[in-house]
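Undergrad: The structure follows.
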Amino acid sequence: MKLRVAAVQIAPKLGDLEENIVKTCTFIEKAVEQGARLIVLPELSNSGYNFKNRQQALECSEPIPNGPTIKEWEKLARRHSVWIIGGINERYEDKLYNSAVILGPEGYVGKYRKLHLFAKEKLIFQPGDLQLEVIRTKDFAFGVMICFDWAFPEVARVLTLKGAEIVCHPANLVLPYGQKAMRIRALENHIFTITANRVGKEEDLTFTGQSQIADVKGEVLAKGSKSKEEVIIAKINIEEARDKKITPYNDLIKDRRPEFYSLLTARIR
Ligand code: ACM
């Protein structure tokens, strides 16, 4: 089964929900026009990233699934019969989460809350509290992780063990090695990864762009520029992610030795 997938690379405007709705919807339409059926948008696409304080973040947050951005994205997912995964500054009761929403041809499907908060995000957001889930569509299965989750290989591994063939990765990368690491996540799990990174600058932070779609061998199928807003597209053969053999003798999943990995589930301080 061949599938066209897209990463949307944009610079959301800090604190401006309305402008960000217009921009994200415009770029989703561009991805649809190019035939994408699975479309990934950056982390915190509704709000921007580098908040002055929690109050500013609160003012441009929204509930999932009834927030204004999600409602507009949901209309597009239904109208075009596509999957949309995008980062949302989520308000839940009096808490904020750095989340991603998952929308499909039949509307809202679920959300993921970033497990590993980066730097000053810890002053704004609650750490994620939901299990890693895999969404199974008729033709492919995918999971979601957000930006700095790249530094924890357990995340992509758990998604793979739960059946993900594609990992969707909304990002606001600022360190220079997230993209490299995602190629390795793809290679070591024999999955496809779609990193939708943002561009632009907010105060002291410059976001690194270079959104990428990586294949099961860690090769880059499509790559964005460092600073332009754009859509990148790749055609992937999903069957490649189902075969975990890297030699006739080696299967990346079946050859695991979990009886020697017990420390992986221990908390070390
Ligand atoms: C990041 O996790 N936004 C760097």
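Values quoted throughout were computed directly from the atomic coordinates according to the rules given, and no laboratory measurement underlies them. Remember, predicted model here, so these are calculated numbers, not experimental data. We place every Cβ from the backbone using ideal geometry, glycine too, and count neighbours over all the protein chains shown.
Listed here are the residues, each with its yes/no results for (1) assigned to a strand (DSSP E or B); (2) among the aliphatic types (A, V, I, L, M).
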| residue | (1), (2) |
| --- | --- |
| G48 | no, no |
| A77 | no, yes |
| G86 | yes, no |
| R91 | yes, no |
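Undergrad: Is it the case that some residue within the stretch 176-190 is in contact (Cβ under 8 Å) with a residue 40 or more places away in the chain and closer than 14 Å to L38 by Cα?
TA: no
Undergrad: Name the one entry in E121, E202, E133 that is free of Cβ contacts under 8 Å to residues at least 60 places away in the same chain and in contact with a Gly (Cβ under 9 Å, 6 or more places away or on another chain). If you could, list the steps in order and put the result at the bottom.
TA: Values: E121 fails: in contact with a Gly (Cβ under 9 Å, 6 or more places away or on another chain); E202 fails: free of Cβ contacts under 8 Å to residues at least 60 places away in the same chain.
Of the residues listed, the single one that is free of Cβ contacts under 8 Å to residues at least 60 places away in the same chain and in contact with a Gly (Cβ under 9 Å, 6 or more places away or on another chain) is E133.
Undergrad: Sticking with this structure for a sec: Hey, does the stretch 239-247 have a residue that's in contact (Cβ under 8 Å) with a residue 12 or more places away in the chain, surrounded by 13 or more Cβ atoms within 10 Å (Cβ to Cβ) and part of a helix (DSSP H, G or I)? Please lay out each step first, then the result.
TA: Within the stretch 239-247, the subset in contact (Cβ under 8 Å) with a residue 12 or more places away in the chain is 239-244, 246.
Then keep just the ones that are surrounded by 13 or more Cβ atoms within 10 Å (Cβ to Cβ); that gives 240-242, 244, 246.
Narrowing the set further to residues that are part of a helix (DSSP H, G or I) leaves 240-241.
Yes, that holds for at least one residue.
Undergrad: Separate question: Identify the single condition in (1) within 11 Å of the ligand (Cβ to nearest atom); (2) in contact with a strand residue (DSSP E or B) (Cβ under 8 Å, 6 or more places away or on another chain); (3) in contact (Cβ under 8 Å) with a residue 60 or more places away in the chain; (4) farther than 21 Å from D129 by Cβ that I194 does not satisfy, given that it satisfies every other one.
TA: (1)
Undergrad: Sticking with this one: Pick from K52, K71: which is without any contact (Cβ under 8 Å) to a residue 24 or more places away in the chain, surrounded by fewer than 18 Cβ atoms within 10 Å (Cβ to Cβ) and in a loop (DSSP other than H, G, I, E, B)? Give the derivation first.
TA: On the way: K71 fails: in a loop (DSSP other than H, G, I, E, B).
Answer to the check: K52.
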